[in-house]
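Input: a single structure, listed below in structure tokens.
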Amino acid sequence: MHFPFRSILVTSPFDGLRNHVEKVRECSWAFQQAIECYISDKCEEFDVLREVVNKLESDADSIKRRIRGHIPKGTRMPVTEYQLFSYLKEQDRVLDAAQDSLNWLSYRATHIPEAMEKEVFLLVDAVIEPIEELSRMISEAKEYFETYSEKQRRIVKDIIHNIKQQEHEADAREGQLKVKIFSIEKDPVSIFHLVSLAERIGSVADHAENAGDMMRAMIAKRRWTLFRES
């Protein structure tokens with residue numbers, strides 16, 4: 001007999017994941033504003049926006065600790081604690097990568113040439129798109145684990161596919177930016193700083209894709225368990 005997830009727990013761990021991913025989303029907006037500010041000669045709020053991201057990262061860490069510490073022993077869940085915590089760790093790395101990108105920018109006042117601005121903006125936009133999908137994925141996955149609906153499973157799988165496609169697009173944008181850096185910059189230190197920045201920004205989407213892959217594994221394992229029990 002299959003027990004609906006909502007009957008097992010008064011508060012689902014997926015509620016905590018949803019709270020956590022909302023902090024990740026908020027971070028992505030501040031991250032985008034901070035990059036735009038850094039590039040603009042008129043903006044003086046880069047450090048303020050970087051601190052906003054740091055604060056959101058701290059808030060997300062608090063949520064992460066609450067999720068890890070508030071699952072009673074013996075609680076029946078449709079996924080293992082290992083799966084849940086591994087997923088949470090990868091979702092958290094999305095935010096960490098955004099924070100790392102801004103910290104890297106703050107270490108050196110590197111001018112970003114106007115001819116390079118478009119590629120930077122396109123890369124930032126590309127890594128933010130999968131974060132929006134992560135938020136939707138958590139909501140739909142929670143519904144799946146409460147109902148085990150085949151229709152709901154397909155919805156989650158489609159979102160995961162979208163995240164993977166968006167990560168491929170971000171990879172392409174990262175490559176285009178690197179080509180532009182090497183074609184424009186002459187100073188070796190600036191080249192190193194900007195290429196490393198491109199890789200750090202690109203890793204935001206990498207971790208979002210990894211989180212999607214982990215969600216796919218959780219759903220596949222649960223589906224196999226239901227099949228064996230039927």
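Specify the inter-centroid distance of the range 141-194 and the range 202-222, based on alpha-carbon positions, in whole Å.
11 Å
Which option, (i) 1.13; (ii) 1.08; (iii) 1.00, is the value of Cα Rg over 2.2 N^0.38 Å that was calculated from these coordinates?
So the structure-derived entry is (i).
Please identify the trypsin sites (Lys or Arg not before Pro) of the range 85-134 that satisfy two criteria: DSSP loop assignment and at most 13 other Cβ atoms within 10 Å. Which are they? Please list the in-between numbers first.
Values: sites: Lys89, Arg93, Arg108, Lys118; in loops: Arg108.
Answer by residue number: Arg108.
Convert each backbone phi in the range 16-28 into a coupling constant with the Karplus relation 6.51 cos²θ - 1.76 cosθ + 1.60 (shift: θ = phi - 60°), then list the ³J(HN,Hα) values in order as whole Hz, x for Gly and Pro.
Rounded to whole hertz, the list is x, 4, 5, 4, 5, 5, 5, 5, 5, 4, 4, 4, 4.
Looking at the range 116-198, I'd like the Rg to Rh ratio, where Rg is from alpha-carbon atoms and Rh is Kirkwood's inverse mean 1/r. Before the final figure, lay out the partial values.
Details: Rg = 17.8 Å, Rh = 14.6 Å.
My calculation of the ratio gives 1.22.
Once phi is turned into ³J(HN,Hα) by the Karplus curve 6.51 cos²θ - 1.76 cosθ + 1.60 with θ = phi - 60°, what whole-Hz value does each residue of the range 100-110 show in order, with x for glycine and proline?
4, 4, 5, 4, 4, 4, 6, 6, 8, 7, 8
Residue by residue through the range 153-164, what is 3J(HN,Hα) from phi via Karplus (6.51 cos²θ - 1.76 cosθ + 1.60, θ = phi - 60°)? Round to whole Hz and write x for glycine and proline.
4, 5, 4, 5, 4, 5, 5, 4, 4, 4, 4, 4
Mind checking which of Arg50, Arg68, Arg18 has the largest fluctuation in a GNM of the chain, springs on alpha carbons under 10 Å?
Largest GNM mean-square fluctuation: Arg68.
Relative contact order, percent, of the range 88-176 when contacts are C-alpha pairs under 8 Å separated by at least 6 residues?
On the way: 36 pairs, mean separation 31.4, N = 89.
Reported relative contact order: 35 percent.
Pick from Lys157, Lys42, Lys55: which residue has the top mean-square fluctuation in a GNM of the chain where Cα pairs under 10 Å get a spring?
Lys42
Where does the chain land at 222 nm, in deg cm²/dmol rounded to the nearest 500, when only DSSP H runs of n ≥ 4 count, each adding -39500 (n - 2.57), divided by all residues? Don't skip to the end; give the middle numbers.
Values: 7 runs with 192 residues, N = 230.
For the chain, the value works out to -30000 deg cm²/dmol.
Return one number: the angle in degrees, 0 to 90 and rounded to the nearest 10, between the long axis of the Cα atoms of helix 46-69 and the longest principal axis of the Cα atoms of the chain.
Roughly 20 degrees, rounded to the nearest 10.
Bear in mind that the values in this text are calculations on the coordinates, not laboratory data. Model, not experiment: these values are computed from the prediction. Reconstructed Cβ throughout: ideal geometry from the backbone, glycine too, with neighbour counts over all protein chains shown.
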